[in-house]
Amino acid sequence: MEKSKSSIVDFEKLRNIADGSKKILVKMPDGLYSLSTEISDFLSSMGIETIISANPCYGACDFCDGIDGMGIDKIIYVGEAEMPYLRKKYPVETSFLEIHSKFDASKAVKKAIPLLEGGKIGVVSITPYLHQIKKCIKILEEHGFAAVVGKKSRRTAYDGQILGCDLTAGTSIAGSIDSFLYVGDGFFHPLGLSLSSKKPVVIADPSQDRAMKDEIREMKEKVMKKRYALISNSMGKNRVGIIIGEKLGQKRVELAHEMKKLAEGKGMSAYLISSNNLSPDRLDYMNLDFYVSTSCPRIAMDDSASYKKPVLTPIEFEILVGEREWENYEFDQIL
Ligand code: SF4
């Protein structure tokens, strides 16, 4: 099979991880579906039957149900790095084919230099750009900065790697640095880092060759106002749905039970709701006043505008019922 010379897929790695399998399910997030047939063709050329999963997929935390009886002997997850603590929990043998961005981070990092505060910089990134972290550190050092990279956690595969739900590589070093450099695209990760570390965060976005700092500060202020309003809107309400995420790496059943107990202890009626893929179609029509999501933190933080009723994080619920002060607000993480 002729493969595209410009492809961002590491076909050598794909060959190694697929070798010996007979039937593979390929799973990927929305942004990478354009690679799906290319990958399927390559696996077919190795004599492997391939099924492309069209289920929504949000991260390495997210695994397919419903593969029983299909004879699949391996799942290849395309895009993200492995979530190490789940290794023993995957339903069948699972491998990860990371996709590295084709955008060079150098320009964006150089643009970020004047925005950095202090001399000690914590460097964090996400899977598509982690392979460039050494290069970014070199640029910082050439400009007289000392770079610090935090250690990986049980949910991350690399030092310096952060997830939307696990900012350990940043928060663990926040006390010893002056500001953060986030190398990556999107706002959710740097926003979470800013909320959880209280340190200035500068974004170097290689996909746009741009650097930003004020935008994150402004966004943080906006988000905090919005979260405060959602908590206020839930005050005096009595019927709460506690959401449990069914996806392997989003499941916090114990926390959900704690939240239910807390709600009932405050005289509320609490209902446990489980979902593999939450949708406003269902939540908006339940006879409930508001929700507490113990699933992926993005549901409450990122998707809240899609829901007619407030969706709070567990920490926000603690604030609502008076178990925590607003001043002690924390960004929800799955650690
Ligand atoms: S739980 Fe949410 S933020 Fe964490 S890896 Fe999964 S999709 Fe991303």
* **Shape metrics for segment 120-169, restricted to C-alpha atoms - Rg then Dmax, Å** => 10.9, 33
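Within 10 Å of each candidate Cβ there may be at most 16 other Cβ atoms; applying that plus a DSSP loop requirement, which GluC sites (Glu not before Pro) in segment 92-142 survive?
Values: sites: Glu93, Glu98, Glu117, Glu141, Glu142; in loops: Glu93, Glu117.
Loop-located and lightly packed - Glu93, Glu117.
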* Asked: Going by the alpha-carbon gyration tensor, a ≥ b ≥ c the square roots of its eigenvalues, is segment 1-105 rounded (a/c under 1.5) or, if a/c is not under 1.5, prolate (a/b greater than b/c) versus oblate?
  -> oblate
* Structure fact -> Interchain or sequence-distant (5+) residues whose placed amide H lies within less than 5 Å of the amide H of Ile242 are Tyr271, Leu272, Ile273, Val292
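Hey, any idea what the orientation-averaged projected area of the convex hull of segment 206-263's Cα atoms comes to, in nm²? Intermediate results must be reported in sequence, preceding the final value.
Numbers: hull surface 27.2 nm².
Projected over every direction and averaged, the Cα hull of segment 206-263 covers 6.8 nm².
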* **Separation between Cα centres of segment 38-71 and segment 202-245, rounded to whole Å** => 33
* **Set of lysines near Lys251 by C-alpha distance (under 19 Å), chain-local residues within fewer than 8 positions excluded** => Lys88, Lys89, Lys260, Lys261
* Structure fact -> Comparing Gly150, Gly241, Gly267 in a Gaussian network model of the chain (Cα, 10 Å), the one with the largest mean-square fluctuation is Gly267
* Distance check, please: which entries in Lys247/Lys309; Lys226/Lys308; Lys120/Lys198; Lys107/Lys138; Lys102/Lys247 exceed 18 angstrom between their Cα atoms? => Lys247/Lys309; Lys102/Lys247
* In debye to the nearest 20, how big a dipole does segment 11-98 give about its Cα centre with +1 on each Lys and Arg Cβ and -1 on each Asp and Glu Cβ? -> 260
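Would you mind ranking Asp41, Asp205, Asp178, Asp214 by Cβ crowding within 10 Å, fewest neighbours first?
Ascending number of Cβ neighbours within 10 Å: Asp214, Asp41, Asp178, Asp205.
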* Within segment 72-122, list the chymotrypsin sites (Phe, Trp or Tyr not before Pro) lying in a DSSP loop whose Cβ has at most 10 other Cβ atoms in a 10 Å radius. => none
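Let a ≥ b ≥ c be the square roots of the eigenvalues of the Cα gyration tensor of segment 188-228; is it rounded (a/c under 1.5), or, if not, prolate (a/b larger than b/c) or oblate?
Numbers: a/c = 2.37, a/b = 1.87, b/c = 1.26.
Prolate shape, in that a/c is at least 1.5 and a/b is the bigger ratio.
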* **Calculated SAXS-style log₁₀ I(q)/I(0) at q = 0.11, 0.13, 0.23 Å⁻¹ - segment 223-328, Debye, Cα scatterers** => -0.28, -0.40, -1.38
* To do: Choose one answer from Pro200, Pro310, Pro280: the residue with the largest mean-square fluctuation in a GNM of the chain with alpha-carbon springs under 10 Å.
  => Pro280
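Just in segment 283-335: which trypsin sites (Lys or Arg not before Pro) are loop by DSSP and have at most 11 other Cβ atoms within 10 Å? It would help to have the intermediate numbers written out before the result.
Details: sites: Arg298, Lys308, Arg324; in loops: Lys308, Arg324.
Those satisfying the criteria are Lys308.
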* Asked: Quick one: putting +1 on the C-beta of Lys and Arg, -1 on the C-beta of Asp and Glu, what dipole do you get for the chain around its Cα centre, in Debye to the nearest 20?
  -> 400
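Quick one: divide the alpha-carbon radius of gyration of segment 84-203 by 2.2 N^0.38 Å and tell me what you get.
Numbers: Rg = 14.5 Å, N = 120, 2.2 N^0.38 = 13.6 Å.
Cα Rg divided by the expected 2.2 N^0.38 Å: 1.07.
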* For the chain, convex hull volume per residue from C-alpha positions, Å³ -> 137
* Please find, in a Gaussian network model of the chain (springs between Cα atoms separated by less than 10 Å), the residue of Thr127, Thr94, Thr294 whose mean-square fluctuation is greatest. => Thr94
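Coordinate-derived values only; no laboratory data. If you're wondering where the values come from, they're calculated on a predicted model, not measured in any experiment. Quick reminder, even Gly has a Cβ in these numbers, built from the backbone with ideal geometry, and neighbours come from all protein chains shown.
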